[in-house]
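Q: Next up is a structure, given as structure tokens.
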Amino acid sequence: ELGTLTAQQKPIVILTSNRTRDLHDALKRRCLYHWIDYPSLEHATQIVKLRAPKASKDLAEQVAAAVSRIRTLDMQKPPGVAEAIDWVNAAMLLGVSTLDARGTEQTLGSVLKYRDDQELAREQGFAWIAGE
């Protein structure tokens with residue numbers, strides 16, 4: 001047993017949430033709240049390229065733009081940057097070099113993980129998702 005340890009400086013604790021669960025009111029009363037929005041299209045493309053360096057700049061841009069379009073839909077789980085990275089990696093693995101309507105149809109399951117979300121996206125059309 002080490003006994004009681006005391007910090008020389010009060011620690012700062014950062015809590016993050018992706019809104020999958022509600023935080024208890026007692027915890028929220030003790031916190032400062034700061035909303036961090038999705039990155040811009042340009043920043044998202046940079047992140048995707050950094051995390052998937054073998055991807056072409058065009059594919060990274062196309063996926064980032066498609067994710068941005070998909071986020072405008074009322075989805076159960078809107079895709080984030082992590083899903084965009086997964087999408088680019090899945091596209092490359094499947095030999096999809098351009099995110100056109102056909103490439104979107106082949107790889108949509110890598111970014112949307114709920115059936116209702118996939119159906120909602122399909123209703124918009126693969127060409128719409130791809131920006132054609």
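The values are calculated or read from the model by the stated rules, or taken from the named source; none is laboratory data. Values in this document were obtained by computation on a predicted structure and should not be read as measured data. So basically every Cβ, Gly included, is an ideal-geometry build from the backbone, and we count neighbours across all protein chains shown.
Q: Go through region 35-72 and count every residue that is assigned to a helix (DSSP H, G or I) and small (Gly, Ala, Ser).
A: 6
Q: While we're looking at this one, here's another question. Assigned to a loop (DSSP other than H, G, I, E, B) and in contact (Cβ under 8 Å) with a residue 24 or more places away in the chain - does that describe any residue in region 19-26?
A: No: region 19-26 contains no residue that is assigned to a loop (DSSP other than H, G, I, E, B) and in contact (Cβ under 8 Å) with a residue 24 or more places away in the chain.
Q: Moving on. So the check is Cβ under 7 Å with 6+ separation or different chains; which pairs have a first residue in region 112-126 that's loosely packed, with under 12 Cβ neighbours inside 10 Å and a second one that's of a type in the set (Lys, Arg) and assigned to a loop (DSSP other than H, G, I, E, B)?
A: Tyr114/Lys77
Q: Given the criterion among the aliphatic types (A, V, I, L, M), more than 21 Å from Gly131 (Cβ to Cβ) and touching a residue at least 12 places away in the same chain (Cβ under 8 Å), identify the matching residue among Leu50, Leu94, Leu15.
A: Unique residue meeting the criteria: Leu15.
Q: OK, next. Take the conditions under 21 Å from Ala127 (Cα atoms), buried (at least 17 other Cβ atoms within 10 Å of the Cβ), under 13 Å from the mean Cα position of the chain (by Cα) and not hydroxyl-bearing (Ser, Thr, Tyr) and apply them to Val48. Does it pass?
A: No: the conditions fail for Val48.
Q: Sort through Leu2, Leu23, Leu15, Leu41 and tell me the only one that's closer than 16 Å to Arg71 by Cβ and either over 17 Å from the mean Cα position of the chain (by Cα) or surrounded by 10 or more Cβ atoms within 10 Å (Cβ to Cβ) (or both). Spell out the reasoning first.
A: Values: Leu2 fails: closer than 16 Å to Arg71 by Cβ; Leu23 fails: closer than 16 Å to Arg71 by Cβ; Leu15 fails: closer than 16 Å to Arg71 by Cβ.
One residue alone meets the criteria, Leu41.
Q: Condition check: in contact (Cβ under 8 Å) with a residue 40 or more places away in the chain and of a type outside the set (Gly, Ala, Ser). Does Asp86 satisfy that? Can you show your working first?
A: Values: in contact (Cβ under 8 Å) with a residue 40 or more places away in the chain: no; of a type outside the set (Gly, Ala, Ser): yes.
No: the conditions fail for Asp86.
Q: Name the residues in region 60-100 that are closer than 15 Å to Tyr114 by Cβ, more than 12 Å from the chain's Cα centre (by Cα) and surrounded by 14 or more Cβ atoms within 10 Å (Cβ to Cβ), would you?
A: Result: Leu73, Met75.
Q: Looking only at residues in region 1-55 that are closer than 23 Å to Pro79 by Cβ and of a type in the set (Asp, Glu), which one is modelled with the lowest pLDDT?
A: Restricting to residues being closer than 23 Å to Pro79 by Cβ and of a type in the set (Asp, Glu), the top hit is Asp22.
Q: Which residues, taken from region 76-104, are of a type in the set (Gly, Ala, Ser) and either assigned to a helix (DSSP H, G or I) or touching a His at 6+ places or on another chain (Cβ under 6 Å) (or both)?
A: Listed by number, the residues that qualify are Ala82, Ala84, Ala90, Ala91, Ala101, Gly103.
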